[in-house]
Amino acid sequence: MRYIMIIFVVIAMGSCKEKSKTEAADQTELKGSSEKSSEVQGQEQYMVKENINFFVGTYTNGDSEGIYTYALSPEGKLSKIKLAAKSESPSYLAFSKDRKYLLAANEIKNKQGVGTVSSFEVQGDSLVFVSQSSSGGAHPCFVTINDKGYVVAANYSGGNVGLLKMDKNGTLSDLLDINQHTAKAVSSRQDGPHAHSVWFFPTQDKVIAADLGSNQLWFTAIDSNTNTLEPLSPKTLDFNPGDGPRHLAFHPNGKWIYVLNELSNTVALVRYDEQQGFVKGAVFSMLPEGFKEENTGADIHISDDGKFLYASNRGHNSIVIYSVKDDGALQVVGYESVRGEGPRNFSLSPDGSYVLVANQYSNSIISFRRDAQSGLLSFVDEIEAPSPVCIVF
């Protein structure tokens, strides 16, 4: 596999229902909290000039009815606007490139044994339903779209990736193709393939899928002539036993991918090599030394300047903050308490001034101001949200 990675901005994400709820960590163990971080020098670096709306995907097995609209103020305050669209467990969301349409992965298993992908037209703070198609497998937990309108969905229970296409009017095609993963059962969480996320390379035709069950990254390319997903060579990259790769973050330099491993609570550095393709490198812990309680990693994002990497811990209930060294290695800067339980997904504001965290189990969204120089976070605001699991700006 010979191709050069370029800047890839990930809007994200993340993913599939856990089999059990992790216990909240003792907050006194959190290092580098807002109380220990210095106040940001001057407000001029925060470029948010007016309220920014964002959409929140949820699970609808409780009080939630679908996708909600919230707003972030220039001061980092949060406000709820309304229910934007009724939808069944829209657990992951993604905008089209022109931002006219929003896609939702409906993490369900219907009578046909599959989940669905829904498309909506964005009308200000509202969403208007356009279409819905099969995702190609049960419990889709991730969806994304490329510049040509191709849509890929990661089906967790199905253990595969489904391919669709959206036209210029936001209408989804029927399912075009499926790339089925395989895996031998080794544990209760790795009892077979479980595709957890899927991403487009900057080439826009090549796809990388993180499979927690098979413990691999899977590589395919879209053949636009046949509308199929074709395996690349090599087609997979193996991870350490028990890692459980879940989500990715691409460094702006195009050379490094940071893979969050849900089960081993680690972040693995994957380098791109001209001769060898992708090569797995050093692995970095997401947890403070001595922490022994139950924990699962969830989401991962990198700052636009590539200087800081963030990842969420469920159990320790924190955001781990890393600085990125010149060689791609990670160094822990601190741990910020998320002031809730189950930080499944989080998102940086468009200008990088704030980090918003979706606490699934405590039904809240937390706003943190981000210091661009130190990478540290400081608490600003909190608002109720019903089973939030995805935030997109």
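Here Ala94 meets the list (1) at pLDDT 95 or above; (2) among the small types (Gly, Ala, Ser); (3) touching a Leu at 6+ places or on another chain (Cβ under 8 Å); (4) open to solvent by 20 Å² or more (accessible area, probe 1.4 Å) almost entirely, failing just condition (4). If you filter the stretch 212-227 down to residues that are out of contact with any Ser or Thr (no Cβ under 9 Å at 6 or more places or on another chain) and farther than 20 Å from Val270 by Cβ, you find that the one that is surrounded by the fewest Cβ atoms within 10 Å (Cβ to Cβ) is Asn225.
When the stretch 52-73 is limited to residues that are among the small types (Gly, Ala, Ser) and over 15 Å from Leu356 (Cα atoms), the one that is modelled with the lowest pLDDT turns out to be Gly62. When the stretch 93-110 is filtered for residues that are within 17 Å of Thr60 (Cβ to Cβ) and either of a type in the set (Gly, Ala, Ser) or in a loop (DSSP other than H, G, I, E, B) (or both), the ones remaining, listed by number, are Ala104, Ala105, Glu107, Ile108, Lys109, Asn110.
Results for (1) hydroxyl-bearing (Ser, Thr, Tyr); (2) out of contact with any Phe, Trp or Tyr (no Cβ under 7 Å at 6 or more places or on another chain); (3) open to solvent by 10 Å² or more (accessible area, probe 1.4 Å); (4) more than 17 Å from Tyr156 (Cα to Cα), shown as yes or no for each residue.
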{"residue": "Ser197", "(1), (2), (3), (4)": "yes, no, no, no"}
{"residue": "Ala210", "(1), (2), (3), (4)": "no, yes, no, no"}
{"residue": "Asp238", "(1), (2), (3), (4)": "no, yes, yes, yes"}
{"residue": "Pro241", "(1), (2), (3), (4)": "no, yes, yes, yes"}
{"residue": "Pro245", "(1), (2), (3), (4)": "no, no, no, no"}
{"residue": "Leu248", "(1), (2), (3), (4)": "no, no, no, no"}
{"residue": "Thr266", "(1), (2), (3), (4)": "yes, no, yes, yes"}
{"residue": "Ser285", "(1), (2), (3), (4)": "yes, yes, yes, yes"}
{"residue": "Pro288", "(1), (2), (3), (4)": "no, no, yes, yes"}
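A single entry from Val338, Val324, Val270, Val333 fulfils the requirement of being free of Cβ contacts under 8 Å to residues at least 60 places away in the same chain, over 17 Å from Phe239 (Cα atoms) and buried (at least 20 other Cβ atoms within 10 Å of the Cβ): Val338. Reported count of residues in the stretch 290-321, each being more than 15 Å from Arg370 (Cα to Cα), open to solvent by 30 Å² or more (accessible area, probe 1.4 Å) and of a type in the set (Asp, Glu), is 2. Among the residues of the stretch 131-143, which ones are in contact with a Leu (Cβ under 8 Å, 6 or more places away or on another chain), over 18 Å from Glu230 (Cα atoms) and buried (at least 23 other Cβ atoms within 10 Å of the Cβ)? Val143 - this is the single residue of the stretch 131-143 that is in contact with a Leu (Cβ under 8 Å, 6 or more places away or on another chain), over 18 Å from Glu230 (Cα atoms) and buried (at least 23 other Cβ atoms within 10 Å of the Cβ). Can you say whether Tyr258 is under 17 Å from the mean Cα position of the chain (by Cα) and of a type in the set (Phe, Trp, Tyr), as far as the supplied structure shows? Against the criterion (under 17 Å from the mean Cα position of the chain (by Cα) and of a type in the set (Phe, Trp, Tyr)), Tyr258 qualifies. Looking only at residues of the stretch 173-195 that are within 21 Å of the chain's Cα centre (by Cα) and assigned to a loop (DSSP other than H, G, I, E, B), we find that the one that is surrounded by the fewest Cβ atoms within 10 Å (Cβ to Cβ) is Arg189.
The values are calculated or read from the model by the stated rules, or taken from the named source; none is laboratory data. Values in this document were obtained by computation on a predicted structure and should not be read as measured data. Virtual Cβ from ideal backbone geometry, glycine too; neighbours counted across all protein chains shown. Note: areas computed on protein heavy atoms with side chains; ligands, DNA, RNA excluded. Shrake-Rupley method; radii C 1.70, N 1.55, O 1.52, S 1.80 Å.
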